[in-house]
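Undergrad: Submitted below is the structure of interest, expressed as structure tokens.
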Amino acid sequence: KNKKIFRYLKLKYTSKMLEPFVIQNSTKIICVYRYILPYVRKFGGNDIEIIYNRVYPLKFNKIEKEKKQPSKLSIIYVSRLAKEKNQECLIKAIKDVDVNLLLIGNGPDYEKLKQLTKNLKIEDKVDFKKSVPNESLVEYYNNADIFASPGKQGGIGIPIIEAMACGLPIITKKRENEESEDMDDAIMFVKNNPDGFKDAIKKIMTNKKLKEKMIQKSLYEFSKINGNIMERKEAKVYYDVLKLAKN
């Protein structure tokens, strides 16, 4: 923490001085997450557009799997291995559930999380992949059954959108504010603790109709927010601003 004191002071200054000024004097504001709307509004932000990070359908898409003998359910989480991403929650959640967990990413908590799997005696159920070429990510999504995201920060980020594109049921933490993501049928929002995720995984495992419904809703929601649509939406924001400036 001491090594980051300069960064901390810099962020404190920008949040108190620069951000309020910029937000209050902006004609249009783009947010990539819905959960930060209250923060923007707190500083007087108006005319806000939600434009999600871009994920493209040509790159990420659902591939029909060949019908094989039933195997263990596979859970995937793609994120940096760090405290705020909360992989520890998922590892504890699957301890007594007959599933496999794939964690893709690297970070300061790698050794700590590996040790946790040893302590819980579930090394054979948790697979760590520090690095995967971006073009190969789609294969890992398509070989999984559920995407689970226990990250402590909110919002529909890139990995969740990629998982939607591949038609995965998604489990993530409950919203911390009243701003709806309008994706409740595609995403199962749960308490951000091992029991919350464990119960959700079991629910999807044992209810084929629910799983299929979530798959179809994931694909549908992605069709509304894919990268091509977000590009057009962003272009319109710039066009509107230029038109206002011209007038």
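A short reminder: the numbers here are calculations on the coordinates, not readings from a lab. Fair warning: this is a prediction, and the values are worked out from it, not measured in the lab. Cβ placement follows ideal geometry from the backbone for every residue including glycine, while neighbour counts extend to all protein chains displayed.
Undergrad: Can you tell me the length gained on complete extension of the stretch E111 to I5, counting 0.36 nm per residue apart and subtracting the Cα distance?
TA: Separation in residues times 0.36 nm, less the Cα-Cα distance, equals 35.6 nm.
Undergrad: Specify which labelled value, from [x] 54, 39, 36; [y] 65, 46, 34; [z] 46, 46, 38, agrees with Cα extents along the principal axes in Å derived from the coordinates of the model shown.
TA: Working out Cα extents along the principal axes in Å from the coordinates points to [y].
Undergrad: Hey, can you rank 155-162, 43-50 by average C-beta count inside 10 Å, highest first?
TA: Result, highest mean first: 155-162, 43-50.
Undergrad: Can you compute the helix-only [θ] at 222 nm over the chain? Use -39500 (n - 2.57) per DSSP H run of at least 4 residues, normalise by all residues, nearest 500 deg cm²/dmol.
TA: Computed mean residue ellipticity for the chain: -12500 deg cm²/dmol.
Undergrad: Net charge near K28: determine it from the other residues with C-beta under 9 Å of the C-beta of K28, scoring Lys and Arg +1 and Asp and Glu -1.
TA: So the environment of K28 carries a net charge of -3.
Undergrad: Subtracting the Cα-Cα distance from 0.36 nm times the residue separation, let me have the gained length for L120 to E84 in nm, one decimal.
TA: Length gained, L120 through E84: 10.8 nm.
Undergrad: Please give the charge dipole size of the chain, origin at the Cα centre, charges +1 on K and R Cβ atoms and -1 on D and E Cβ atoms. Round to the nearest 20 debye.
TA: So the dipole magnitude of the chain works out to roughly 680 debye.
Undergrad: Something else now. Modelling each spin label as a point 7 Å along the Cα-to-Cβ direction, I'd like the S223/E19 distance in nm, to one decimal.
TA: 3.7
Undergrad: Is the range 75-213 best put as rounded, prolate or oblate by its Cα gyration tensor, with a ≥ b ≥ c the root eigenvalues, rounded for a/c under 1.5, and otherwise prolate when a/b is larger than b/c, oblate when not?
TA: rounded
Undergrad: At a Förster distance of 25 Å, what's the computed FRET efficiency of E212 paired with D96, Cβ-Cβ distance as r, to 0.05?
TA: 0.45
Undergrad: Once the other residues with Cβ under 11 Å from the Cβ of N134 are scored (Lys, Arg +1; Asp, Glu -1), what is the net sum?
TA: -1
Undergrad: Something else about it: In the range 23-148, what % of DSSP beta bridges are antiparallel (nearest 5)?
TA: Within the range 23-148, antiparallel bridges account for around 0 percent of the total.
Undergrad: Now a separate question. Given the options P133, P108, P194, state which has the largest fluctuation in a GNM of the chain using a 10 Å cut-off (strictly under) for Cα springs.
TA: Highest fluctuation of the listed residues: P133.
Undergrad: Shifting gears a bit: I need the peptides 33-42, 10-19 ranked by packing, meaning the mean over residues of other C-beta atoms within 10 angstrom, with the highest value on top.
TA: Per-residue Cβ counts within 10 Å, averaged per peptide and sorted highest first, yield 33-42, 10-19.
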